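To keep things clear, I will list the structure first and then write my remarks on it.
What follows is calculated from the coordinates using simple rules that are stated; it is not laboratory data. Computed from a predicted structure; not experimentally measured. As a convention, Cβ positions derive from the backbone with ideal geometry for all residues, glycine included, and neighbour counts pool all protein chains shown.
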Amino acid sequence: MGGIVETVAVVLALVALGATLWVLFSREREARRRYRMLSETASVSDAGGSLEETIEAICDILVPEFADFCMIDLIDQDGEVTRAGLRVSPGGKPGVEEGLAARQPSIPERMIEGDHGASLTPRFYERITDRDLRELATSPEDLEFLRNLGSRSAITVALNARGKITGTLTLAVAWSGRRYRREDAHFAWVLSGRVALALDNCGLFADLEKAERARAEIADTLQRGLLPPPLPNIPGWSLAAMYRPAGIENEVGGDFYDVFRVAEGWMLVIGDVTGQGARAASLTAIARYTLRTAAALTGDPVLALETLNRALFARGDSSLCTVVALSLSEDPAEPIRIAIAGHPPPILVDGDSVTEIGRADPVLGAFADGHWTLARCSLEAGQQLVIVTDGVLEAQGADERFGVDRLRSELRGATDPAQILQRVEGSLQAFTDGALEDDMAVLALTAAADASRNRVVTMPDLEVANG
């Protein structure tokens, strides 16, 4: 008899041990399953996809692994709730997904109000009763739909990211026969933090993309506003000009040229400002319109430079600008007046002879008491005057910079401004293999050989004006 009792005791102990081991194994398996879902949700957060892609990926993780169906509802700034995500597992009755999509989101007011206290407490139905369904239903037809779902348990948790409730996640089990327990509600609450962060991150990415699009639109607007206007007809002169931005970051920056009428004739300016992007654009605008205003009032290149210098120096932020300003009479026999501020001097091309005209005085914006001198140059028949920005001279090739000597070589023998621009651009394209690192601008002029030619020829990114 004693042996039988001992045998029974051993069997019972083994059964109890087996049951304990099974419980421990089940719990470990469940823990691994939940950890995997949290890890996969974190991966979605790091992926940086769109809002729609992120919601789809989250639904893929939760259904059918943890729910027979799930819904993600988002709350906008006005407190309005929209159903942004829905996933239904196989096995439900026909029309379940359509019915859930058509339902008005049912979210506790405390979650919408977001008091960060009770608002964060999950709404948990461990055993859904008909009374619960009547409280959730919005109409008799909706009540009938909820009853047909056959939901056994449901959890609604707030999506709280960075201290702000942005929506809710609803999980439910029905036709799978499963039922949620308290530990499931707690896991859903933990999971909601990962989901909220994933949605918030994709919202941040969307904000960044929106900001980038806005920046691009602003840059495009600035570029259109700051690109040089068409060259005017100047009686007695033939002009050509070219501007090339280096790329996206420089589309609104750097180099510029302008041609406009003043009291005693015309003013031609070409220059380069420090910086890139929006900062360079703002300086370009200041430079162009300050020079225009000062030149219109005085007609003097030196006074125009002095006015711009004061404007730049007053900014107090190391805003620097190099400029060459030319004053032309409509009579080519009159000398050209030239003022240079930190810029490569103009180049006089006379057949094979290529020489610099004038000297560079201080850059604008560096000194409050800067002084600029006036040089004079008369162009005889067949001579060309060429001004380039640093973007031409500093253009980087495979092993060296473009430089003054290479520019001189390209200018020798040039017979008109349009040919000069074509030579310079062609040489730069070949030298840099089409990859400019900086903006570039070129301005060329000569006395018109035939005063009857009064036309403006516009080529792609190259302008020729003959007076």
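With θ taken as phi - 60° and the Karplus curve 6.51 cos²θ - 1.76 cosθ + 1.60 applied, the whole-hertz 3J(HN,Hα) list for region 405-414 is 4, 5, 4, 4, 4, 5, 7, 4, x, 5 Hz, x standing for glycine and proline.
In nm, to one decimal, how far is the modelled label at SER409 from the one at ARG315, with both set 7 Å along Cα→Cβ? Spacing of the two 7 Å Cα→Cβ label points: 3.7 nm. 3J(HN,Hα) along region 145-151, derived from phi through the Karplus expression 6.51 cos²θ - 1.76 cosθ + 1.60 where θ = phi - 60°, amounts to 5, 5, 5, 5, 4, x, 5 Hz, with x in place of Gly and Pro.
What does the charge count near ALA137 come to, summing +1 for each Lys or Arg and -1 for each Asp or Glu among other residues with Cβ under 12 Å from its Cβ? Charge balance in the 12 Å sphere: -2.
Charging the Cβ of each Asp and Glu at -1 and of each Lys and Arg at +1, and nothing else, the dipole of region 228-466 about its Cα centre rounds to 520 debye. Extending 7 Å from the Cα toward the beta-carbon at both ARG359 and ALA31 defines two label points whose distance is 8.4 nm.
Computed 3J(HN,Hα) for region 434-448, one whole-Hz value per residue from the Karplus formula 6.51 cos²θ - 1.76 cosθ + 1.60 where θ = phi - 60°, is x, 10, 7, 9, 9, 4, 9, 9, 9, 10, 9, 8, 8, 6, 5, glycine and proline marked x.
The relative contact order of region 315-428 comes to 24 percent, based on Cα pairs under 8 Å that sit 6 or more residues apart. Arranged from fewest to most other beta-carbon atoms within 10 Å of their beta carbon, VAL190, VAL424, VAL262 become VAL190, VAL262, VAL424. For region 129-164, the list of trypsin sites (Lys or Arg not before Pro) that fall in a loop by DSSP and count at most 11 other C-beta atoms within 10 angstrom reads ARG162.
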